[in-house]
Amino acid sequence: GPIHDKGAMILSGFMSGTFGGDGPLSLSATLAFEQSYWGVEGDSASSAEAYALLSSLSEMPLRQDLAVTGSVNQYGQVQAVGDVNQKVEGFFDLCDEMGLTGTQGVLLPAANAAHLALRRDVVKAIATGKFHIYTTTSIADGIELLTGVPSGHANAQKMRYPQDTVFGAVQARLASFGRRLHEGPTR
């Protein structure tokens, strides 16, 4: 629908703005996360889509014990979403049923944190360290939590990210795509 299409354009803008310093990107990606709630479309998974794309391009796995919610803009800023209490409680219920490990939790927009009104059992699990709430304001900070690797900061002059960072690995992979596009496949 229209909101999903808008989200795809925002992700494209984020990728171009973050990694297109040397020129256009040679990338086409297809991602789909269901966003339909009672016939209402949303973009609460757009940050998860960004993390999945960065993980795939960097070949760095994401933690599987965290749920993610958050909308993202073209600058990589994570924005508030609706129904955040239900999302946290729903993931908590799933984890509780499978067995709380002490590492599980939810990564959500920092803008939503002040408005959380969670059930007592969830609050108790958080207070005792059995479940966690993490907040973020940016894709760069979120990807660090999800991979355990620094996201990286670009050199202001050359727009290059350090190689030992998530963004550095993504930038290197995108550069290899560009080389293959212009030089043809290697034999």
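May I ask you to say which residue of ASP164, ASP141 is part of a helix (DSSP H, G or I), under 19 Å from SER55 (Cβ atoms) and open to solvent by 70 Å² or more (accessible area, probe 1.4 Å)? Write out each step before concluding.
On the way: ASP164 fails: part of a helix (DSSP H, G or I).
Being part of a helix (DSSP H, G or I), under 19 Å from SER55 (Cβ atoms) and open to solvent by 70 Å² or more (accessible area, probe 1.4 Å) holds for just one of ASP164, ASP141, which is ASP141.
Hey, any hits in region 146-159 for a residue that's open to solvent by 30 Å² or more (accessible area, probe 1.4 Å), in contact with a Phe, Trp or Tyr (Cβ under 8 Å, 6 or more places away or on another chain) and in a helix (DSSP H, G or I)?
no
Tell me which residues, restricted to region 43-80, are open to solvent by less than 20 Å² (accessible area, probe 1.4 Å), under 14 Å from ASN112 (Cβ atoms) and not in a strand (DSSP E or B).
SER44, SER47, THR69, GLY70
Scan region 85-102 and report the pairs whose first residue is within 20 Å of ALA114 (Cβ to Cβ) and whose second residue is surrounded by 15 or more Cβ atoms within 10 Å (Cβ to Cβ) and of a type in the set (Ser, Thr, Tyr), with Cβ atoms within less than 6 Å and a gap of 6+ or a chain change.
So the pair list comes out as LYS87/THR69.
Within region 106-121, can you find the residues that are part of a helix (DSSP H, G or I) and open to solvent by less than 30 Å² (accessible area, probe 1.4 Å)?
Applying the first criterion (part of a helix (DSSP H, G or I)) to region 106-121 yields 110-113, 120-121.
If the condition is that a residue be part of a helix (DSSP H, G or I) and open to solvent by less than 30 Å² (accessible area, probe 1.4 Å), then ASN112 is the only one that fits.
Condition check: modelled with pLDDT of 95 or more, of a type in the set (A, V, I, L, M, F, W, C) and more than 15 Å from TYR134 (Cβ to Cβ). Does LEU100 satisfy that? Working first, answer last.
On the way: modelled with pLDDT of 95 or more: yes; of a type in the set (A, V, I, L, M, F, W, C): yes; more than 15 Å from TYR134 (Cβ to Cβ): yes.
Yes.
Only one of (1) under 26 Å from MET159 (Cβ atoms); (2) small (Gly, Ala, Ser); (3) at pLDDT 80 or above fails for SER26. Which number is that?
Single failed check for SER26: (3).
Within region 29-78, count every residue that is in contact with a Ser or Thr (Cβ under 7 Å, 6 or more places away or on another chain) and either among the acidic types (Asp, Glu) or modelled with pLDDT under 65 (or both).
Adding up the residues that qualify gives 3.
Out of GLU97, GLU89, which single residue is over 23 Å from SER58 (Cα atoms) and open to solvent by less than 50 Å² (accessible area, probe 1.4 Å)? So that I can check it myself, show each step before the final result.
Working: GLU97 fails: open to solvent by less than 50 Å² (accessible area, probe 1.4 Å).
Answer to the check: GLU89.
Mind checking whether some residue in region 90-97 is of a type in the set (Phe, Trp, Tyr) and closer than 30 Å to SER16 by Cα?
Taking region 90-97 as the starting set, the residues that turn out to be of a type in the set (Phe, Trp, Tyr) are 91-92.
Remaining after also requiring closer than 30 Å to SER16 by Cα: none.
Within region 90-97 (the criterion being of a type in the set (Phe, Trp, Tyr) and closer than 30 Å to SER16 by Cα), the answer is no, since none of the residues qualifies.
Among the numbered criteria (1) buried (at least 16 other Cβ atoms within 10 Å of the Cβ); (2) on the phi > 0 side of the Ramachandran plot, which single criterion is violated by VAL170?
Every listed condition holds for VAL170 apart from (2).
Quick test for you: out of LYS124, LYS130, pick the one residue that is farther than 14 Å from ALA67 by Cα, without any contact (Cβ under 8 Å) to a residue 60 or more places away in the chain, part of a loop (DSSP other than H, G, I, E, B) and open to solvent by 60 Å² or more (accessible area, probe 1.4 Å).
Working: LYS124 fails: part of a loop (DSSP other than H, G, I, E, B).
Criteria check complete, one pass: LYS130.
The values are calculated or read from the model by the stated rules, or taken from the named source; none is laboratory data. As the structure is a computational prediction, the values presented were derived from the model and not from experiment. Because the Cβ atoms are built from the backbone with ideal geometry, glycine has one as well, and the counts that use them run over all protein chains shown. Remember, those area values only see protein heavy atoms, side chains included, never the ligands or the DNA or RNA. Shrake-Rupley method; radii C 1.70, N 1.55, O 1.52, S 1.80 Å.
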